[in-house]
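Structure first, then comments.
The values are calculated or read from the model by the stated rules, or taken from the named source; none is laboratory data. Given the structure is predicted, the values throughout are model-derived calculations rather than measurements. Glycine gets a Cβ as well: all are built from the backbone with ideal geometry, and neighbour counts include every protein chain shown.
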């Protein structure tokens, strides 16, 4: 439950400019989570969320990704090294990899925390990603293609 709630918190703060714990609690309640202010406060502390200033003078919660930023180049390298091709079938993204690399490339994609990817599964040389919408699939393909072409 805690893991799902914290995943939902990350999703909510990425989608919305949430300024207070009360706002975050209200969003969680709308999503069906029964939370107290103490629970939300604990989650914020455990997840190392912080506030950043917006251009309008307000603030919003964001996740600190110190360790992830250090790893991000490694994930990009793994993605590039294993990537062969990709195609889509509606909102399913199919990625072909070098034989035996699908699991590592899939882990790299998961680590990129692309919000539009609902989930992914890897075989030996193929990854299937469930994407929220067809439009999101096209957008994700463009992002991934830019990574490969860098």
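The numbered conditions (1) in contact with a helix residue (DSSP H, G or I) (Cβ under 6 Å, 6 or more places away or on another chain); (2) modelled with pLDDT under 90; (3) not assigned by TED's automatic domain parsing to the domain that holds residue 124 are all true for residue 12 except (2). Checking the structure you have, find out if any residue of segment 69-85 is under 19 Å from the mean Cα position of the chain (by Cα) and within 30 Å of residue 20 (Cβ to Cβ). For segment 69-85, residues under 19 Å from the mean Cα position of the chain (by Cα) and within 30 Å of residue 20 (Cβ to Cβ): present. Let me spell it out: the conditions are (1) closer than 21 Å to residue 12 by Cα; (2) surrounded by 14 or more Cβ atoms within 10 Å (Cβ to Cβ), and residue 57 meets all of them except one. Which number is the exception? Failing condition for residue 57: (2). Residues of segment 35-57 that are farther than 16 Å from residue 3 by Cβ and outside any helix (DSSP H, G or I): 36, 50, 51, 52, 53, 54, 55, 56, 57.
In the set 74, 48, 34, only one residue is assigned by TED's automatic domain parsing to the domain that holds residue 127 and surrounded by fewer than 14 Cβ atoms within 10 Å (Cβ to Cβ); that residue is 74. In this structure, is residue 111 touching a strand residue (DSSP E or B) at 6+ places or on another chain (Cβ under 7 Å) and touching a residue at least 12 places away in the same chain (Cβ under 8 Å)? It is false that residue 111 is touching a strand residue (DSSP E or B) at 6+ places or on another chain (Cβ under 7 Å) and touching a residue at least 12 places away in the same chain (Cβ under 8 Å).
Go through the residues of segment 17-27 one by one and say whether even a single one is at pLDDT 90 or above, under 30 Å from residue 144 (Cβ atoms), in a helix (DSSP H, G or I) and in contact with a helix residue (DSSP H, G or I) (Cβ under 9 Å, 6 or more places away or on another chain). Yes, segment 17-27 contains a residue that is at pLDDT 90 or above, under 30 Å from residue 144 (Cβ atoms), in a helix (DSSP H, G or I) and in contact with a helix residue (DSSP H, G or I) (Cβ under 9 Å, 6 or more places away or on another chain). Candidates in segment 17-31 are the residues that are without any contact (Cβ under 8 Å) to a residue 24 or more places away in the chain and surrounded by fewer than 16 Cβ atoms within 10 Å (Cβ to Cβ); of these, the one that is nearest to residue 115 (Cα to Cα) is 31.
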